[in-house]
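**Student:** Quick one: this structure, given as structure tokens, is what I'll be asking you about.
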Amino acid sequence: MGGSRSLTVTLETVTPLFLGGAEPRGAPELRPPAFRGAMRYWLRAALGGVIGDDNLKALHDLESSVFGSTDFGSPIHVRLRPLGGELQSNTEKILPHKEGRGASSRQAIRAGQRFELTLSLPYRVGQEVWEAAIVALRLAVTFGGVGLRSRRGYGTLRIVGFTDSILLPASPTSLQDWKTFAKQTAENAIQACRQLAQSRQVPVLDQPPNGPASFPCANKQGLIMICDLKASSAMVAVTQFMQKVPKDPAFGGIQPRRASPLWVRPIQTENGYGLLFLVLASKLKTGTDYNKVQQFLSGYSGGQYLQAKGWNI
């Protein structure tokens, strides 16, 4: 057992951050629940790759040991603090590639705003709980985002400062470093989740599920792809993606309502901005053709698939 621990990172918004406050369509508010929710999602995704998708009771127990449940609170505390005064917000399009009636908008925290996020564990809990929380944050910042439309590149954040570069290093700024960083992020998450499961005597898999799984999680049908578009800005890269992605149930939709299995976030490289893609393949009642998703990703010139041990191999 360890004593109290704390980690502070400085985050910068890369794309507009839609965070609803007291008024969902009003001024955005920087609130811990949105970040806890994102971290919990990504911890579950990693845990599924470690213990499989058929032991939902164990999954819930492991997840709750880090982020709490309706029966008990989380040992992990999350605090947020704006830097340089109040964070600036703008009215931003929800669908950047649409004009006219399809171009609905909301208030969002602007790109280029900085704030501090502090994770702390104020009392004695096993080191495996602390490390699971750290990898959950790293997964969320690396592959996803926070808030509305985070699967489509909004709410993307980069790490620009830290109190411990080993636990959570700065976001890369070159294509090769992004390839290494993304692979290490996925593999470190799997390793930390294995340690968490083993500490609770939960059996772990030798390799990830063959997939698709019963919920979005790491499995052998999951894809990680990185593409250097040389776009002039993060939102240009996101807008180009939105213009290309087909209207097909395989990519999510409203009727029937389903979340997209494809996560996309803009990445800064030495050549401008590219995109990092991640697919979490899961079973759906109506079925989903993941070949369509792979064919779509393969259409990106110069894209490279990444393999991460324990995550998709």
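No value in this document is a laboratory result; all are computed from the given coordinates. No experiment lies behind these values; they were computed from the predicted model shown. A quick note on method: Cβ atoms are made from the backbone with ideal geometry, for glycine too, and the neighbour counts reach across all protein chains shown.
**Student:** Using a 10 Å cut-off on Cβ atoms, rank the peptides 136-144, 52-60, 219-227, 298-306 from the highest mean neighbour count down.
**Tutor:** Per-residue Cβ counts within 10 Å, averaged per peptide and sorted highest first, yield 136-144, 219-227, 52-60, 298-306.
**Student:** Please give the length that would be gained between I313 and K247 if that part of the chain were fully extended, namely 0.36 nm times their separation in residues minus their C-alpha to C-alpha distance (nm, one decimal).
**Tutor:** The span from I313 to K247 would gain 20.8 nm if fully extended.
**Student:** Fully extended, how many nm does the chain gain between N210 and E29 (0.36 nm per residue separation, minus their Cα-Cα distance)?
**Tutor:** Taking 0.36 nm per residue and subtracting the Cα distance, the gain is 61.2 nm.
**Student:** Among the listed pairs K57/K244; K93/K230; K183/K230; K98/K220; K93/K220, which are separated by more than 30 Å between their Cα atoms?
**Tutor:** K57/K244; K98/K220; K93/K220
**Student:** Also, I was wondering about something else. Kindly provide the helix-only [θ] at 222 nm of the chain, computed as the sum of -39,500 (n - 2.57) over DSSP H runs of four or more divided by all residues, to the nearest 500 deg cm²/dmol?
**Tutor:** -10000 deg cm²/dmol
**Student:** How large is the charge dipole for the stretch 68-178, taken about the Cα centre, if only the Cβ atoms of Lys, Arg (+1) and Asp, Glu (-1) carry charge, to the nearest 20 debye?
**Tutor:** Roughly 560 debye, rounded to the nearest 20.
**Student:** List every DSSP H helix in the chain whose Cα atoms extend 18 Å or more along the helix's own long axis and whose mean Kyte-Doolittle hydropathy is at least 0.0.
**Tutor:** 32-51, 127-143
**Student:** Quick one, what does Rg over Rh come out to for the stretch 225-313 if you take C-alpha atoms and the Kirkwood Rh?
**Tutor:** Here Rg/Rh amounts to 0.99.
**Student:** How about the stretch 32-104: which GluC sites (Glu not before Pro) there lie in a loop by DSSP and see at most 10 other Cβ atoms within 10 Å?
**Tutor:** Listed in order of number, the matching sites are E86, E99.
**Student:** Between S301, L62, G85, whose Cα lies farthest towards the positive end of the dipole of the chain when Lys and Arg beta carbons carry +1 and Asp and Glu beta carbons carry -1, centred on the Cα centre?
**Tutor:** It is S301.
**Student:** Before anything else, pin down the relative contact order of the chain: Cα pairs under 8 Å, at least 6 apart, normalised by residue count, whole percent.
**Tutor:** Rounded, it is 24 percent for the chain.
**Student:** Pairs of Cα atoms under 8 Å, at least six residues apart: use those to get the relative contact order of the stretch 46-142, whole percent.
**Tutor:** Relative CO of the stretch 46-142 lands at 27 percent.
**Student:** Now, a different point. Placing +1 at every Lys and Arg Cβ and -1 at every Asp and Glu Cβ, with all other atoms neutral, what dipole size does the chain have around its Cα centre, in debye to the nearest 20?
**Tutor:** 700
**Student:** At most 10 other Cβ atoms within 10 Å and a DSSP loop assignment: could you name the chymotrypsin sites (Phe, Trp or Tyr not before Pro) in the stretch 157-243 that fit?
**Tutor:** Passing both the DSSP loop test and the Cβ count: no residue.
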